[in-house]
Amino acid sequence: VQLVESGGGLVQAGSSLRLSCAASGSTFSINAMGWYRQAPGKEREFVALITSAEGSTNYADSVKGRFIISRDSAKNTMYLQLNSLRPEDTAVYYCFAHVELDDYWGQGTQVTVSS
């Protein structure tokens, strides 16, 4: 499975962005996809997840109500809509795909939120 993120950028606080993660390869084997992020000097943290079968979602408390994860199965693409962005959302955002015995990661996309 190969993952390619896009959509990051520099925005002001309160703005919105939409990140995309395009999957290719053995996409039929993906059980769930999601996003992690890593801010400078901090550990990578979970952001959101969506399951392949039911489309069930799960969010970190810090983004609940502001971020929305979705998917377009026909395009093998997952999205993360980032609303009401805050400076503390600044990080490299990584998409991941969970396959039965492995996790695959994208290269990351930078999101920078200025105050």
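The values are calculated or read from the model by the stated rules, or taken from the named source; none is laboratory data. All values reported here derive from a predicted model rather than from experimental measurement. Note that we place each Cβ from the backbone using ideal geometry, even for glycine, and neighbour counts take in every protein chain shown. To get the accessible areas, we keep the full protein, side chains included, count just its heavy atoms, and leave off ligands, DNA and RNA. Shrake-Rupley method; radii C 1.70, N 1.55, O 1.52, S 1.80 Å.
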Any chance you could count how many residues in segment 93-115 are more than 20 Å from GLY14 (Cβ to Cβ), open to solvent by 40 Å² or more (accessible area, probe 1.4 Å) and part of a loop (DSSP other than H, G, I, E, B)?
3
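Can you name the residue in segment 77-92 that is part of a helix (DSSP H, G or I) and charged (D, E, K, R) and, of all such residues, is most open to solvent (accessible area, probe 1.4 Å)? Lay out the reasoning, then the answer.
Here is the first cut: in segment 77-92, the ones part of a helix (DSSP H, G or I) are 87-89.
Restricting the remaining residues to those that are charged (D, E, K, R) gives 88-89.
Details: GLU88: 121, ASP89: 1 Å².
Selected residue: GLU88.
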Residue pairs within 8 Å by beta carbon, gap of at least six or interchain, first lying in segment 67-81 and at positive phi, second part of a strand (DSSP E or B), listed first then second, are ASN76/ALA22; ASN76/ALA23; ASN76/SER24
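Can we say GLU88 is at pLDDT below 95, on the phi < 0 side of the Ramachandran plot and of a type in the set (Asp, Glu)?
Working: at pLDDT below 95: no; on the phi < 0 side of the Ramachandran plot: yes; of a type in the set (Asp, Glu): yes.
In short, no.
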Considering only residues of segment 45-72 that are among the hydroxyl-bearing types (Ser, Thr, Tyr) and surrounded by 11 or more Cβ atoms within 10 Å (Cβ to Cβ), which is farthest from SER24 (Cα to Cα)?
SER62
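Just one of ALA23, ALA74 is touching a Leu at 6+ places or on another chain (Cβ under 8 Å), among the hydrophobic types (A, V, I, L, M, F, W, C), more than 20 Å from GLN110 (Cβ to Cβ) and not in a loop (DSSP other than H, G, I, E, B); which is it? Break it down into steps so the answer makes sense when it comes.
Values: ALA74 fails: touching a Leu at 6+ places or on another chain (Cβ under 8 Å).
After applying the criteria, what remains is ALA23.
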